[in-house]
Every structure is written in structure tokens, then in C-alpha cells.
Amino acid sequence: GGKNVLFIVVDDLRPTLGCYGDNLVKSPNIDQLASQSVVFQNAYAQQAVCAPSRVSFLTGRRPDTTRLYDFYSYWRVHAGNYSTLPQYFKENGYTTMSVGKVFHPGISSNYNDDYPYSWSIPPFHPSTEKYENTKTCKGKDGQLHANLVCPVDVAEVPEGTLPDIQSTEEAIRLLNIMKRKKQKFFLAVGYHKPHIPLRYPQEFLKLYPLENITLAPDPWVPEELPPVAYNPWTDIREREDVQALNISFPYGPIPEDFQRLIRQSYFAAVSYLDMQVGLLLNALDDLKLSRNTIVVFTADHGWSLGEHGEWAKYSNFDVATQVPLMFYVPGKTSSFANPGGRKFPYLDPFTHVSNLIPQGQTKKIVELVSLFPTLAELAGLLIPALCPETSFDVALCSEGESIVRYFVSMEEKVDCGGDDSDYYQD
Amino acid sequence: DQKEPIAFCQYPRPADTPQWNSDKPRLKDIKIMGYSMRTVDYRYTVWVGFNPNNFKANFQDIHAGELYMVGTDPGQDHNIYNNSLHSNFVKKIL
């Protein structure tokens, strides 16, 4: 008990990461976190779109209970006055803070990220968020466009920075304050990338030469797929560079050379995200907080990179619903850091060759709706009771179960006599 | 702990065929809900009628189904729902 929580949630990140067996993507810092964590290989969101998924895992209720399937209602007035995960920590003595995109902004979180219910201080949003969908991508014509594929020179974009860079800086600033005040905290950091537009510092393109980029293994719409199951990826059709391709609706396809560009930029955006995560965890180490802070890393849902002829979330396919999920729990998934020793030194994705093995992997099927009770248990708080079949009038309960029972502690691992095969393969 | 772990998810649609609002239908336009359950062995989905006024799904009103077996079809490219409708496996799930 008594541990801080650093909750990292990424927008549209499928488990395309080194620690999930991807040989192409360079994610050394997330891999390093995985090497100290329990890694769930089969974790799924409850609905593959931002607001419903986030409200679901932050309240511990499924969309049929939050009654949020789109972006246009606030659960406290539309469904029930449900407690949230950060609210529960706040009510248990934690200082709770939100940086970046944790709740989906807008009416679905009451235009205030559910402050003050969920947060001790007003949530932080990067000042450059407002440029995300504006014309900041330099085209071949030298003009600025609102493109899907958008590598940028950071020095040239408005304010000379990007939202996720600002979020990392703010999160580090808050960690410093918490350390100074010796205050128990729950810090949620929501990164925007690799959500579209794929807008990231252009140097990350160097990590992914176009000749190394393959197409999806199954880039066609399956013959037996019922039309109702297919999503026509309308949001990327609105970007200027995609519009110029004159792709037919609803099935496309996107020309192969442009498919490669999208995949290249998605991977580059993942490495840019990895850099931000690395800087954040490095700061946690610098402040010697990694010895008493639980770190959770996950995403709101995945994203189809051309599989089944789709380029979006918005479906029930695994590529749209599967998420990375890992828990670093000092003393449980990893030994305590030695005094002066480091758990998470920053690793440069441009120079570091990752060969880290995830600390513990489990193939158990788990759901994001289980995050709430799992984090409560890991922090030593009372685990919210399982919800009754109908729970609209119940403020505090969870429709997911704690998944701590799937963790294998360091002690048990040692008891295995050094043979980790069962541990790794579950 | 003896239960087989299952993950559930869902996705709404405004119609049986792809529309411009199929990706993000507003609540009032939702007519169909796709409910999925997945285990380590399979993903089973039924697309059923949905009433946005009372939030009720009608599991008697099946619009389509999907069934993918993880072992032989990890990419979920071969929907065997229609071929399996009368199999013991699907009957057991239903």
C-alpha cells in the first residue's frame, strides 16, 4: 500500500511494440518498462472509439452502463453518477492530476475532464492542441496542408513545439512538485499520438526507411465479412492528402504506395511517443520515485493499419480493440531499485538496440474495464465491489474484476528455481 | 479462477451497410449493435437490433454474425459464422 500511481494512456496505440514481438518498431523505452512489468498480451478495450472507451475504463463500467456510445453525453447526468478511478484515489487521500488527453475532451467529460470530481487540480491541456487539425504539414508544393501523413520540423510549427512534448514537460513539472511536497499522487498522462493526423518530428522517419515498410498481411476486405461489420474510415478521407487520391467509398482501396506511407508514419509516431514515455520515466527515476510508484501503460484502443482493408478503429476486429497493457509494481513485478540505481534510464531510439525481454508475460484474456479494481488492489485500497446486474443507482462498483491474480510475484519467480519457461509462457 | 477469461466489446452502427456515419454514429442514429466475446480460442460477434431510446438490444433480431478461430485464422480473415450456425460449437456458445 501507499504507492503513487503514474497512469499512462496512449491514443490509438495497438500493441505494435518491440515488447509485443514487433521486429520493425523501435520502442526501447516502452520495452524497458515492459522488462520491469507484468505484460498482458491479450488485453482488450470495450469499444474501439475514444470517448466510450475512456469513460468505460475510467468508471469501470461497460458502454451499456455508461450509455455512452458516441461523444455527446456526460455519464453523470445521462446514465448514473458513477465514481471514477481517479476520483476513488482522490477520495482516498491522493492528489490526482490529469495531463493531456485522459478523458476525451468535450461534453462526454462535461467540458472539464470531470474536474473537480476526478482531479485535485484543473487538468492540463497543451496549448498546441489547437493546431493538431490545422494546416501545419508542408506539402510537395511548399504550402501547408491538413494532411494525414504529417512529419514536421518542430522548429517551424506554431509555438515551436508539439502537444505530447508539452505534456511530458508538464508531467515532469508535476512530479517535481509532488516529490518536494512528499504528497501521495495519482498522475494520469494522456498522449495524443499515434492518433491521426500522423504529425510528429520528421527525424523519426529515419528509423523507418520506406523500403522496409511492408503492407498489412491481409490488406483486402474479407469476402465473408458482413457489411455491417466494416468501417469505411471516413476520418482519414477528410485529410487533404487522402482526398487527393480520389478513393472510392466505402471500400477503397488506398493505393499501395500510400498504404506504405501511412504505415511508415504510424510507426514513426509510435517511436516519437516512445521518446516521450522514456523522458517521463527517466524523470521518475531522477526523482527516485520509481521505487514507490506503480506505472500503468495502456491505450484507449488499437488501430487498423490496412488489415481487412481498414484504416481506423471503429470495429470489433482485434487490431481495433487490442491494446498494450503493462503494470510496473516496485517490489512485485521488479525488485526495488538500489539506492542510486536506475530502473528507467532514457534510451535513445536512434541509437539503442533493444533486446529487453518483458519481465512477465501472460496470455490471459483481460479487459480495460478491469483497470479500476486492479489499480485499487495494487495501491492497497479497498477493491470496489462487482456491480450488480443493474447498477445505474450504484455510485461505486466495477463491472471488471481485478486481474492482480494473474500477476506472478518476484518471490514466486525465484521459487521457480530459475526456470522461467512457465512464467513467460503462462 | 476456474472460469475461462472472456473479453467483451461492442460497436454501434446506423445501418446494415457502410454509410458516411458508420464509423461514429450519433446515439439517435444507432440501429444495430455488434456484441463480441473473445477467448484465447475464438472471437464471436452478433450484430443485433438496438433501440437508442431505451438502450435495449434485441438478440432475437440478428442482422449478421462473425466467428473467427484464433488457432487457424489469427488475422480474422475467414468468417465461419454462416458455415457453423448449426454446429455444436455455435449452439454451445448461443
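Summary of computed values
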item: Every residue from the stretch A:113-131 that is within 16 Å of residue A:85 (Cα to Cα) and out of contact with any strand residue (DSSP E or B) (no Cβ under 9 Å at 6 or more places or on another chain); result: A:116, A:117
item: Check on residue A:12, closer than 23 Å to residue B:40 by Cα, assigned to a loop (DSSP other than H, G, I, E, B) and without any contact (Cβ under 8 Å) to a residue 12 or more places away in the chain; result: no
item: Given (1) more than 19 Å from the chain's Cα centre (by Cα); (2) facing chain B (nearest Cβ under 10 Å), index of the condition residue A:62 fails; result: (1)
item: Residues of the stretch A:24-54 satisfying the condition of being polar (S, T, N, Q) and more than 18 Å from residue A:269 (Cβ to Cβ); result: A:32, A:35, A:36, A:37, A:41, A:42, A:46, A:47, A:53
item: Counted residues, the stretch A:305-339 - those being more than 11 Å from every other protein chain (Cβ to nearest Cβ), touching a Phe, Trp or Tyr at 6+ places or on another chain (Cβ under 7 Å) and modelled with pLDDT of 95 or more; result: 4
item: Residue in the stretch A:354-376 that is under 30 Å from residue A:104 (Cα atoms), in a loop (DSSP other than H, G, I, E, B) and of a type in the set (D, E, K, R) present; result: no
item: Members of the stretch B:78-94 found to be of a type outside the set (S, T, N, Q), surrounded by 12 or more Cβ atoms within 10 Å (Cβ to Cβ) and within 15 Å of the chain's Cα centre (by Cα), listed by number; result: B:78, B:80, B:81, B:85, B:90, B:93
item: Helices (runs of 4 or more DSSP H) contained entirely in the stretch A:35-100, each with at least 3 residues that are closer than 19 Å to residue A:8 by Cβ; result: A:50-59, A:85-91
item: Check on residue A:229, within 13 Å of chain B (Cβ to nearest Cβ) and buried (at least 21 other Cβ atoms within 10 Å of the Cβ); result: yes
item: Filter pass, residue A:188 being away from every other protein chain (no Cβ under 14 Å), among the aliphatic types (A, V, I, L, M) and out of contact with any helix residue (DSSP H, G or I) (no Cβ under 6 Å at 6 or more places or on another chain); result: yes
item: Pairs where the first residue, in the stretch A:80-98, is more than 15 Å from residue A:113 (Cβ to Cβ) and at pLDDT 95 or above and the second is buried (at least 24 other Cβ atoms within 10 Å of the Cβ) and among the charged types (D, E, K, R), C-beta under 8 Å, 6+ apart; result: A:82/A:61
item: For residue B:48: the one exception among (1) more than 8 Å from every other protein chain (Cβ to nearest Cβ); (2) over 19 Å from residue B:76 (Cβ atoms); (3) at pLDDT below 95; result: (3)
item: Set A:289, A:273, A:245: member being more than 14 Å from chain B (Cβ to nearest Cβ) and assigned to a helix (DSSP H, G or I); result: A:273
item: Which numbered condition residue A:189 fails, given (1) closer than 30 Å to residue A:93 by Cα; (2) in a helix (DSSP H, G or I); result: (2)
item: Test: residue in the stretch A:280-293 that is buried (at least 24 other Cβ atoms within 10 Å of the Cβ) and among the acidic types (Asp, Glu); result: no
item: Residues within the stretch B:11-42 that are at the interface with chain A (Cβ under 7 Å from one of its Cβ atoms) and within 19 Å of residue A:314 (Cβ to Cβ), tallied; result: 18
item: Cβ-Cβ under 6 Å pairs, at least 6 apart or on other chains, the stretch A:148-168 side part of a loop (DSSP other than H, G, I, E, B), far side among the acidic types (Asp, Glu) and surrounded by fewer than 22 Cβ atoms within 10 Å (Cβ to Cβ); result: A:148/A:241
item: Wholly within chain B, strands (runs of 3 or more DSSP E) carrying at least 1 residues that are more than 28 Å from residue A:311 (Cβ to Cβ); result: B:42-51, B:56-69
item: Residue pairs meeting the criteria (Cβ under 6 Å; at least 6 apart or on separate chains; first among the aromatic types (Phe, Trp, Tyr), in the stretch A:230-251; second surrounded by fewer than 16 Cβ atoms within 10 Å (Cβ to Cβ) and part of a loop (DSSP other than H, G, I, E, B)); result: none
item: Hits in the stretch A:377-399 - residues which are farther than 20 Å from residue A:331 by Cα and either touching a residue at least 24 places away in the same chain (Cβ under 8 Å) or not in a loop (DSSP other than H, G, I, E, B) (or both); result: A:384, A:386, A:387, A:391, A:392, A:393, A:394, A:395, A:396, A:397, A:398, A:399
item: Filtered residue count, the stretch A:246-279, keeping only those that are buried (at least 24 other Cβ atoms within 10 Å of the Cβ) and under 30 Å from residue A:380 (Cβ atoms); result: 3
item: Looking only at the stretch B:1-47, and only at residues there that are among the aliphatic types (A, V, I, L, M) and touching a Pro at 6+ places or on another chain (Cβ under 6 Å), the one that is surrounded by the fewest Cβ atoms within 10 Å (Cβ to Cβ); result: B:27
item: Number of the condition not met by residue A:129 [criteria: (1) acidic (Asp, Glu); (2) part of a loop (DSSP other than H, G, I, E, B); (3) touching a residue at least 60 places away in the same chain (Cβ under 8 Å)]; result: (2)
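The values are calculated or read from the model by the stated rules, or taken from the named source; none is laboratory data. Not measured: the values here are computed from a predicted model. Reconstructed Cβ throughout: ideal geometry from the backbone, glycine too, with neighbour counts over all protein chains shown.
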